[in-house]
Amino acid sequence: MRHARLAAVFGVIGIFSLGVVFGPLAIMQAKKAEGFGVAAQEGKILGWVGIGLFVLWVLFFVAYIVLFASIIANLPHTPYPGRTSS
């Protein structure tokens with residue numbers, strides 16, 4: 001019973017914070033609970049959802065950085081006002 005509860009708690013924490021850390025913890029606790037004969041399907045599902053959301057967040061962040069870098073790279077180069085370029 002304790003492992004199933006921990007799996008659910010770790011799964012919920014994984015959704016709202018570090019899914020890469022708490023997702024696998026939730027899955028491991030769910031497997032321990034199932035080893036003792038206690039159903040812990042919600043902990044396992046929440047763990048995988050936390051991992052999936054973390055992966056999506058990383059992909060979004062990388063895409064944002066690439067977009068920002070491409071915008072910066074394509075800006076026209078203009079000299080500062082009042083300066084002459086040599």
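Below, the figures for the structure above:
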| read-out | value |
| --- | --- |
| Within a Gaussian network of the chain (alpha carbon springs, distance under 10 Å), most fluctuating of Ile65, Ile27, Ile45 | Ile65 |
| Helical segments meeting 15 Å axial Cα length and Kyte-Doolittle 1.6 threshold in the chain (DSSP H) | 41-73 |
| Accessible-area order (highest first, 1.4 angstrom probe) of the listed residues His3, His77 | His77, His3 |
| Charge dipole magnitude, Cβ of K and R +1, D and E -1 - the chain, Cα centre, debye nearest 20 | 160 debye |
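The values are calculated or read from the model by the stated rules, or taken from the named source; none is laboratory data. In this text, all values refer to a predicted model and were calculated from it rather than measured experimentally. Because the Cβ atoms are built from the backbone with ideal geometry, glycine has one as well, and the counts that use them run over all protein chains shown. Please note that ligands, DNA and RNA were not included when accessible areas were found on the heavy atoms of the full protein model with its side chains. Shrake-Rupley method; radii C 1.70, N 1.55, O 1.52, S 1.80 Å.
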